[in-house]
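Since the structure comes first, as structure tokens, the remarks are kept for the end.
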Amino acid sequence: MTSPSRVLVIGIDGVRLDVLREVSTPHLDAIAAAGFLAPVRIDDATPTWSGPCWATVATGVSAAKHGIMHNVFTGHRLAEHPDFLTLASLAGKRTYLSVGSWEPLATAACGGPLFAAPDRVTFTSYGLDCERGDEAATVDAERELLAADYDVAFVYLGDVDETGHELGVGAEYTAAVERADARVGRLLATVRARSSYAEERWTVIAVTDHGHVDGGGHGGDSDLERTAWIAASGPGIVAGVEMGTLRHVDVAAHVYEAIGLSEAMAGLALEGKPFASL
Ligand SMILES: [Zn+2]
């Protein structure tokens with residue numbers, strides 16, 4: 001019997017790459033040291049809003065295909081281009097979504113949900129109190145990842161972005177990045193604490209959707225807004241590998257590769273490539 005391959009994707013909204021490189025983030029650094037941290041360039045046809053960027057991460061196709069251009073998803077084409085949790089579930093994998101703040105990822109609010117039909121969803125909304133929402137999402141994910149055998153999980157953290165919008169990119173924003181990193185550390189510790197961890201092959205992907213201007217905010221075309229990043233480690237990813245600039249579409253491609261569904265998804269015309277093949 002081959003050992004089970006599992007994937008944890010942690011989506012951290014609105015973390016600037018230059019700030020990430022400056023701030024003390026030991027847990028994200030550990031993922032990067034075991035694999036890589038690479039910039040993502042958001043293509044010029046994709047507005048630098050959370051909706052289109054997370055939709056590209058989730059579906060593995062660009063905005064022209066999934067049709068999400070803003071944070072209201074109405075008119076989307078997610079039925080033709082489903083998210084990786086839903087497709088993995090349909091292919092027989094067990095999937096999990098944990099969200100504690102931004103509704104349209106998990107609910108019908110604003111034309112959602114982006115993640116249509118994971119096997120299990122934990123969602124508690126605290127509105128714009130994203131710090132509280134992130135804590136709830138982390139606690140839920142700690143419980144679920146320890147007790148259940150999910151093949152693919154996505155955990156969303158929204159407080160960094162909300163802090164940037166409210167207070168700009170300064171000391172409070174930096175502190176929010178550190179809090180997000182601490183939550184990443186708790187999720188990684190949970191995975192390692194699984195009783196079957198020694199027999200499992202885990203891929204961990206941390207990804208942000210877009211940057212922020214110095215005063216806080218995004219949606220424009222500046223390099224600060226168009227630069228995102230991916231950190232990842234796991235089977236097939238060589239520690240310290242130089243990845244160059246990645247694309248958000250590569251995340252879904254790598255998820256499918258990691259859980260052995262690349263061939264099953266070959267008909268989807270996914271636009272990305274698994275990290276190991278880049
Ligand atoms: Zn965002």
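Observations, loosely collected:
- Contact annotation: residue pairs with Cβ atoms under 7 Å, 6 or more positions apart or on different chains, pairing a residue in segment 257-269 that is more than 19 Å from THR56 (Cα to Cα) with a partner that is of a type in the set (D, E, K, R) and crowded, with 16+ Cβ neighbours inside 10 Å, are ILE259/LYS93; ILE259/ASP151.
- Qualifying residue in segment 17-29 (condition: surrounded by 15 or more Cβ atoms within 10 Å (Cβ to Cβ), within 15 Å of the ligand (Cβ to nearest atom) and assigned to a strand (DSSP E or B)): no
- In segment 57-67, the residues that are closer than 18 Å to VAL207 by Cα and open to solvent by less than 10 Å² (accessible area, probe 1.4 Å): VAL57, ALA58, THR59, GLY60, VAL61, ALA63
Every residue, every condition in (1) β-branched (Val, Ile, Thr); (2) loosely packed, with under 13 Cβ neighbours inside 10 Å; (3) modelled with pLDDT under 95, yes or no:
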| residue | (1), (2), (3) |
| --- | --- |
| VAL191 | yes, no, no |
| ALA206 | no, no, no |
| VAL213 | yes, no, no |
| GLY217 | no, no, no |
| TRP229 | no, no, no |
| ALA239 | no, yes, no |
| LEU246 | no, no, no |
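- The set of residues in segment 68-114 being touching a Pro at 6+ places or on another chain (Cβ under 6 Å), open to solvent by 20 Å² or more (accessible area, probe 1.4 Å) and in a loop (DSSP other than H, G, I, E, B) consists of MET69, ALA106, THR107.
- Residue match in segment 200-216 (condition: farther than 29 Å from SER3 by Cα, part of a helix (DSSP H, G or I), within 16 Å of the ligand (Cβ to nearest atom) and touching a residue at least 12 places away in the same chain (Cβ under 8 Å)): no
The values are calculated or read from the model by the stated rules, or taken from the named source; none is laboratory data. What you see is a predicted model, and the numbers here were worked out from it, not measured in a lab. Methodologically, a virtual Cβ is constructed for each residue, glycine included, from the backbone with ideal geometry; neighbour enumeration extends over all protein chains shown. We work out accessible area using only protein heavy atoms, side chains counted, and drop any ligands, DNA or RNA first. Shrake-Rupley method; radii C 1.70, N 1.55, O 1.52, S 1.80 Å.
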